[in-house]
Amino acid sequence: MMNNRETYVISFDQKDTVQLPLFKGKIYLDAQNLAVAGMEVEISPKHLDKALKYVIRKKPAGLKARLLGVHILVRYRKIGDKWYLNYLRNETDLKFKWKKKLFRSDYTVTAETAITDIDTKHVVKQKFNERFKPNEIFSEKVSNFTDPNFWGASNVIEPESSIQSAFKKISKKLRKKR
């Protein structure tokens with residue numbers, strides 16, 4: 001059952017003979033009309049090491065990176081007779097090691113989107129030249145989003161503390177132990 005509706009679950013994984021990093025997971029189909037009601041997928045652990053080049057496009061010299069996992073959750077909801085995107089969550093787990101540094105760092109990058117309102121009457125198609133291209137790097141496009149009033153109070157939920165302040169606290173504790 002999903003959203004009080006009977007649901008079929010299809011589990012899948014890539015074949016052992018396929019050498020590409022593909023997905024494994026579950027697809028949830030609404031039993032009444034076979035619409036996709038949701039998905040839970042991850043990069044198959046069989047070739048996780050080969051998937052790093054799809055996750056990190058550019059990295060500084062001297063940095064070694066290892067992909068530990070990518071998990072994606074997608075949910076749709078039915079409004080009338082149509083299904084709409086309702087929720088997205090992406091978790092990417094990475095391990096980094098700098099040359100000439102003692103410690104490795106584990107990071108989990110989480111991106112979450114919740115759809116709170118759907119307007120089907122005032123739809124404006126995005127211009128082609130304003131869309132992200134597959135080869136573009138998001139951090140290099142941040143300057144395109146300089147209007148601080150665009151999202152208003154619904155912009156970004158920031159974590160309690162930055163990674164830099166957490167690193168400073170750990171560094172102080174390590175110095176005291178020496």
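Below, the figures for the structure above:
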{"item": "Candidates I72, I79, filtered to the one that is touching a strand residue (DSSP E or B) at 6+ places or on another chain (Cβ under 8 Å) and aliphatic (A, V, I, L, M)", "result": "I72"}
{"item": "Tabulated pairs, region 81-95, first assigned to a strand (DSSP E or B), second modelled with pLDDT under 95 and of a type in the set (D, E), C-beta under 6 angstrom, 6+ apart or interchain", "result": "R89/E112; K95/D106"}
{"item": "Residue match in region 48-65 (condition: surrounded by 15 or more Cβ atoms within 10 Å (Cβ to Cβ) and closer than 20 Å to I115 by Cα)", "result": "no"}
{"item": "Near pairs, Cβ below 6 angstrom, 6+ apart or cross-chain, from region 114-143 (surrounded by 10 or more Cβ atoms within 10 Å (Cβ to Cβ) and in a loop (DSSP other than H, G, I, E, B)) to any residue that is of a type in the set (K, R) and modelled with pLDDT under 80", "result": "I137/R57"}
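This table checks each residue for (1) surrounded by fewer than 15 Cβ atoms within 10 Å (Cβ to Cβ); (2) under 19 Å from the mean Cα position of the chain (by Cα); (3) part of a loop (DSSP other than H, G, I, E, B).
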residue: V18; (1), (2), (3): yes, no, yes
residue: I27; (1), (2), (3): no, yes, no
residue: N33; (1), (2), (3): yes, no, yes
residue: G38; (1), (2), (3): no, yes, no
residue: V41; (1), (2), (3): no, yes, no
residue: G69; (1), (2), (3): yes, yes, no
residue: I72; (1), (2), (3): no, yes, no
residue: K78; (1), (2), (3): no, no, no
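The values are calculated or read from the model by the stated rules, or taken from the named source; none is laboratory data. Just so you know, these numbers come straight off a predicted model, no measurement behind them. As a convention, Cβ positions derive from the backbone with ideal geometry for all residues, glycine included, and neighbour counts pool all protein chains shown.
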